[in-house]
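Derivation of every value follows stated rules applied to the coordinates shown; laboratory data play no part. As the structure is a prediction and not an experimental result, all values here were calculated from the model. Please note: Cβ atoms are built from the backbone with ideal geometry, for glycine as well, and neighbour counts cover all protein chains shown.
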Amino acid sequence: MGGGNTFSLLHDIRMSGFDLVLKEYIKNGLVYGGSVGAIIFGKDIRTASYMDVNNVNMQDYRGMNFTRDYSIWCHYQEKHDELIEIHVKKTSSPVIALPEEGGVYMSNNKLQTLGDSPIYVFKKDWLKVIKTKII
């Protein structure tokens, strides 16, 4: 699942009923989410607010939560730290921040990092933790 507008994509998935199909499929199948596709797999999609407009007037910001209650922040750069910390404080949801060269893979209820760059995890205690193996 690729790019576009995060709010539109999740809205369309919900309105079509594809969210139910996807939840069933992912139990035994593999799904790749890039950018917007990754964000909707997280707990809360408001992490996309810095780059997308809520053009469908969405009020339910819950993502599909395939990431053990972590929200996903894509295209991470250090200049986003303050915005991510605000999101964590507002939602009480930890955030996995993915740089262009990093990603995560969910298997057996564990998140494993992928790619050439580390990922960053932001939690309530405001500490940024670099993960290189399994969360």
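Scan [x] 1.09; [y] 0.94; [z] 1.04 for the value of Rg/Rh (Cα atoms, Kirkwood Rh) calculated from this model and give just the label.
Of the listed options [x] 1.09; [y] 0.94; [z] 1.04, [y] comes from this structure.
So what is the relative contact order of the chain, in percent, for Cα pairs below 8 Å that sit 6 or more residues apart?
Taking the mean separation of contacting Cα pairs over the length of the chain, I get 19 percent.
Could you list which residues have their amide H under 5 Å from that of residue 71, counting only those 5 or more apart in sequence or on another chain, with H placed in the peptide plane?
Sorted by chain and number, the residues that satisfy this are 43, 44, 95, 96.
Dipole size in debye (nearest 20) for the chain around its Cα centre, Lys and Arg Cβ +1, Asp and Glu Cβ -1?
Once rounded to the nearest 20, the dipole reads 480 debye.
Helix-only estimate, please: 222 nm mean residue ellipticity of the chain, summing -39500 (n - 2.57) across DSSP H runs of length 4 or more and dividing by its residues, to the nearest 500.
-7000 deg cm²/dmol
As I understand it, the dipole of the chain uses +1 on the Cβ of Lys and Arg and -1 on the Cβ of Asp and Glu, about the Cα centre. Which of 37, 7, 94 lies farthest toward its positive end?
Farthest towards the positive pole: 94.
Can you give the Kirkwood hydrodynamic radius for the stretch 24-81, in Å, rounded to one decimal and based on Cα pairs?
Evaluated over the stretch 24-81, this radius sits at 12.2 Å.
With the chain treated as a Gaussian network of Cα nodes joined by springs under 10 Å, which of 69, 52, 60 yields the largest mean-square fluctuation?
Answer for the Gaussian network model of the chain: 60.
How high is the relative contact order of the stretch 52-125, in percent, with contacts defined as C-alpha pairs under 8 Å that are six or more residues apart?
This gives 29 percent for the stretch 52-125.
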